[in-house]
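A.B. asks: To start, I am sharing the structure in question, which I have written as structure tokens.
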Amino acid sequence: MRKVIIAGNWKMYKTQAETQEFLQGFLDTITETADDREIVLCVPFTDLATLSRNLHGTRIQVGAQNVHWEEAGAYTGEISPPMLTELNVRYVVIGHSERRQYFGETDATVNLRLKAAQKHGLTPILCVGETKQQRDAGETEALIQQQLEQALVGVDQQRLVIAYEPIWAIGTGDTCESKEANRIIGLIRSQLTNPNVTIQYGGSVKPGNVDEIMAQPEIDGALVGGASLEPQDFARIVNYQ
């Protein structure tokens, strides 16, 4: 049985005070949300403790945006798995296109992070996707297959979430047509040994398009960027029809 997971990725937004304000406007909006939907907030490291304190006893899971593959060491600026689990973090985004583009993330380091996360009981959300140039060149399928083959070596697919995020649709307002997103996610599923892996769509998911996206049979959830920053917008997405 595939679990529906709606995750917000706040990227580098919101102070602790702004996080408190968000929760005040959000928690009341999900009291009637269907029980079969998992809600996750993937927030900056400085907000994790605030979320952990305030979400105890709620149905929202705490997520981080990255994790290192070592438990400790001379890795200035990095965060280890035990540092996350101590704060009741349950999910962690790994291999987001912004990490790949700006911070040198590779399929090899993604693989190390995935295995480290799982070793410590974290459920990784693995991001894969193509650029506009790669799509126009007809390289989408081959690229995603390569990303999966290299990233998933030694990874337990029973404890994994995958997010298909076409890079050309992230933060641009251009959403991948829902049937095309469904096709690519079906392709991703065909590459897996566990067909019940939750596979999300990410890339300009908004209140106005979430119903159509979630109506697609292969799509099990959404990884939401900008629209997860506003309580009412994210609530509408979580409560899709």
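A.B. asks: Please list, in chain and number order, the residues 5+ apart from VAL4 or on another chain whose amide H is under 5 Å from its amide H, with Hs placed from the backbone.
C.D. replies: Result for VAL4 returns GLU38.
A.B. asks: Please pull out the direction-averaged projected area of region 1-101, using the convex hull of its alpha-carbon atoms, in nm² to one decimal place.
C.D. replies: It is 7.6 nm².
A.B. asks: Let me ask something additional. What's the local net charge at THR50, with K and R +1, D and E -1, over the other residues with C-beta under 12 Å away?
C.D. replies: Once all neighbours under 12 Å are counted, the net charge is -1.
A.B. asks: List every residue whose amide H lies under 5 Å from the amide H of SER80, counting only residues 5 or more places away in sequence or on a different chain, with H placed 1.01 Å from N in the peptide plane.
C.D. replies: HIS68
A.B. asks: Compute, for region 65-229, the length of the dipole vector about the Cα centre, with Cβ point charges of +1 (Lys, Arg) and -1 (Asp, Glu) only. Units Debye, rounded to 20.
C.D. replies: 260 debye
A.B. asks: Let me ask something additional. Please report, for the Cα atoms of region 65-229, the Rg to one decimal and the Dmax as a whole number; what are they, in angstrom?
C.D. replies: Expressed in Å, the Cα Rg and Dmax of region 65-229 come to 15.4, 46.
A.B. asks: In region 65-229, with Lys and Arg counted as +1 and Asp and Glu as -1 at Cβ, which of these residues, ALA142, GLN118, ILE184, has the Cα nearest the positive end of the dipole, that is, farthest along it?
C.D. replies: So the residue furthest toward the plus end is GLN118.
A.B. asks: Given the rule -39500 (n - 2.57) for each run of at least 4 DSSP H residues, summed and divided by the residues of the chain, what is its mean residue ellipticity at 222 nm, to the nearest 500 deg cm²/dmol?
C.D. replies: -10000 deg cm²/dmol
A.B. asks: Taking the Cβ of ILE170 as the centre, find all other residues whose Cβ is under 14 Å away and add up their charges (Lys, Arg: +1; Asp, Glu: -1).
C.D. replies: With Lys, Arg at +1 and Asp, Glu at -1, the net is +2.
A.B. asks: Which one of SER97, MET83, TRP69 has its Cα pushed farthest toward the positive end of the charge dipole of region 51-101, where Lys and Arg give +1 and Asp and Glu give -1 at the Cβ?
C.D. replies: SER97
A.B. asks: Could I ask something else about it? In terms of modelled amide H atoms, which long-range or inter-chain residues lie less than 5 Å from the amide H of VAL92?
C.D. replies: Result for VAL92 returns ALA64, THR123, ILE125.
Quick note: the coordinates plus some simple rules give every number you see, no bench work behind them. Remember, predicted model here, so these are calculated numbers, not experimental data. Cβ sites come from the backbone with ideal geometry, for glycine too, and all protein chains shown count toward neighbours.
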